[in-house]
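*Asks:* I have a structure here, written as structure tokens, and I will follow up with some questions on it.
Only the coordinates and a few stated rules stand behind these numbers; no lab work does. This structure is a prediction, so every number in the text was calculated from the model and none was measured. Cβ atoms come from the backbone with ideal geometry, glycine included; neighbour counts cover every protein chain shown.
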Amino acid sequence: MTRRRPHWSVWLLVHAAVYALAATMVAPFLWMVLTALKTDAEAVRPLSGLRPSAWLPERIVAANFAEAWRSAGLARFYLNSLIVAGATTLLAGAHNALAGYAFAKLRFAGRRALFLLTLATLMLPLQASFIFAYVIADRLGFADSLQGLIVPFAASGFGIFYMRQAILGLPDSLLEAGRMDGMGEFELFWTVVRPAVWPAITALGIFTFVASWNAFFWPLVIVDSRANNTLPLAVAELSAGIYTHSWPVRMAAATIMTLPLVLLFLVFQREFTRGVTVTGLKE
């Protein structure tokens, strides 16, 4: 039997709903960017309806971005955020993928109990887990350091569960063939499993990078010195008026903080889409 194509009116209604929902997501970002290009007088002027003239700047002030970068010294915080987010993404990607492979395809004593404990970490409130993380980081000497921002997130319950589900879809026959050829487990993971689930690893990497880049509560708890501040802390100080009272400059700082995430998604959007829809090969 052939499936009937939906009527054009249904197609139009669905697309209209999707675009309307997308507009609600894009509007705050668009408002932030346009405000960053306005003068101080325009930024505090109330918006009168949805007219384009009310949103567009009368005169583009690109110097707001340079002022935001200079007034808060964002270069140092940008570097800190890049180091923390990059290292966290690499470590979490490796640890979560290897642990997911072990839970999905290896047989060892206590596997089920360990996996249930891993899932139990997802049920803990975020604030409760941060208490334990802070105590451990402090005893390791990682308080007020970039290591303290990286190590607690080098693996996660969600990441391990996500990679396990992706690897479960791989045919066992592929792994058995590799073992018959004399491959060890790590070589088997690197040459067989990793290429097959690379979209899932990429998607998890994007999730991890975005979470680390936007993290605010944990850096606020673990970092004391300004030299180890990350970008969200610096932008929060800028938004509070510590460095400037100009709203366009504050919006420029927020835009500077957001741009790497937009570029990251644009570069890896195909892998991200495949990673959240494809869980592996089928037998």
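*Asks:* Would you call residue 67 of a type in the set (Asp, Glu) and assigned to a loop (DSSP other than H, G, I, E, B)?
*Replies:* In short, no.
*Asks:* Might you check whether a residue that is under 30 Å from residue 121 (Cα atoms), polar (S, T, N, Q), part of a helix (DSSP H, G or I) and out of contact with any Asp or Glu (no Cβ under 6 Å at 6 or more places or on another chain) occurs anywhere in the stretch 147-157?
*Replies:* Looking for residues that are under 30 Å from residue 121 (Cα atoms), polar (S, T, N, Q), part of a helix (DSSP H, G or I) and out of contact with any Asp or Glu (no Cβ under 6 Å at 6 or more places or on another chain), one finds at least one in the stretch 147-157, hence yes.
*Asks:* Looking at the stretch 105-112, is at least one residue touching a Phe, Trp or Tyr at 6+ places or on another chain (Cβ under 8 Å), farther than 21 Å from residue 218 by Cα and surrounded by fewer than 17 Cβ atoms within 10 Å (Cβ to Cβ)?
*Replies:* yes
*Asks:* Of the residues 233, 220, only one is part of a helix (DSSP H, G or I), touching a residue at least 60 places away in the same chain (Cβ under 8 Å) and of a type outside the set (D, E, K, R); which?
*Replies:* Of the residues listed, the single one that is part of a helix (DSSP H, G or I), touching a residue at least 60 places away in the same chain (Cβ under 8 Å) and of a type outside the set (D, E, K, R) is 233.
*Asks:* Check residue 109 against each of (1) assigned to a helix (DSSP H, G or I); (2) over 23 Å from residue 259 (Cα atoms) and name the one condition it does not meet.
*Replies:* Condition not satisfied by residue 109: (1).
Each row is one residue, and each column tells you yes or no for (1) crowded, with 16+ Cβ neighbours inside 10 Å; (2) among the aromatic types (Phe, Trp, Tyr); (3) within 20 Å of residue 97 (Cβ to Cβ).
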residue	(1), (2), (3)
177	no, no, no
185	yes, no, yes
191	no, no, yes
196	yes, no, yes
208	yes, no, yes
215	yes, no, no
226	no, no, no
232	yes, no, no
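*Asks:* If residue 213 satisfies every condition in (1) closer than 30 Å to residue 40 by Cα; (2) part of a loop (DSSP other than H, G, I, E, B) but one, which is the exception?
*Replies:* (2)
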